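Let me begin by presenting the structure, written as structure tokens, before commenting on it.
The values are calculated or read from the model by the stated rules, or taken from the named source; none is laboratory data. For clarity, every value in this text was computed on a predicted model and none was experimentally measured. Every residue, glycine as well, gets a Cβ built from its backbone with ideal geometry; the counts of neighbours run over all protein chains shown. In case anyone asks, the SASA skips ligands and DNA or RNA and just uses the protein heavy atoms, side chains included. Shrake-Rupley method; radii C 1.70, N 1.55, O 1.52, S 1.80 Å.
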Amino acid sequence: MTGPQPATPAAHRGRVWKYGAHVDTDGIIPARHLTSFDPEALRRHCLEDLDPGFAAAVRPGDIVAALENFGCGSSREHAALALKAAGVHCIIAVSFARIFYRNAINIGLPVLECPVLAERAATGDFIGVDLAQGELWHNGELHQAEAYPGFMRELIAAGGLVPYLKRQLEGRR
């Protein structure tokens, strides 16, 4: 889908880090670093075997793009937590492993399936992201992913499922 650049900027614009197919959870955070759930410790080792310079160079708001089956492998939450702690704004992929997808949402890390964009994006590109509309802008082209419904955007803004539920329960008292 193509079209003009948006008249107003997307809700977020981030630099891309591009990876291939079947990036597994051991590639995202090596098993030798799973002794901690400390986000800072996980951040320092994020993608270190796949992309040794990632942890030092990633900046808050950057975007990971990948091909098929991102997050395959074990079901540990450490992988999604490491990416979020590294400052990754969202992940755009052709497809995700189901458990990684769920873990990412549970900790408030947006994941979007957009096969055409995931294939076209390259490291260093910039992508504009509007989760409310599901719009992704890349090189002057509009790509459509599934928009996040309001309650999912609230869950992500809260920092994940547990903080979201705490806010909901506090509001009922």
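Candidates Ser36, Ser75: the one that is polar (S, T, N, Q), out of contact with any helix residue (DSSP H, G or I) (no Cβ under 6 Å at 6 or more places or on another chain) and surrounded by fewer than 19 Cβ atoms within 10 Å (Cβ to Cβ) is Ser36.
On inspection, Leu67 qualifies as in contact (Cβ under 8 Å) with a residue 40 or more places away in the chain and open to solvent by 40 Å² or more (accessible area, probe 1.4 Å). Looking across region 42-66 at every residue that is of a type in the set (D, E, K, R) and assigned to a helix (DSSP H, G or I), the one that is farthest from Leu109 (Cα to Cα) is identified as Arg44. Residues in region 22-78 that are closer than 20 Å to Ser95 by Cβ and among the basic types (Lys, Arg): Arg76 only.
I'd like to know if region 127-137 contains one or more residues that are among the β-branched types (Val, Ile, Thr), surrounded by 18 or more Cβ atoms within 10 Å (Cβ to Cβ) and modelled with pLDDT of 95 or more. Yes, region 127-137 has at least one match.
Which of the residues that make up region 96-125 are open to solvent by 10 Å² or more (accessible area, probe 1.4 Å), touching a Gly at 6+ places or on another chain (Cβ under 7 Å) and among the hydrophobic types (A, V, I, L, M, F, W, C)? Scanning region 96-125 gives Phe96, Ala97, Ile107.
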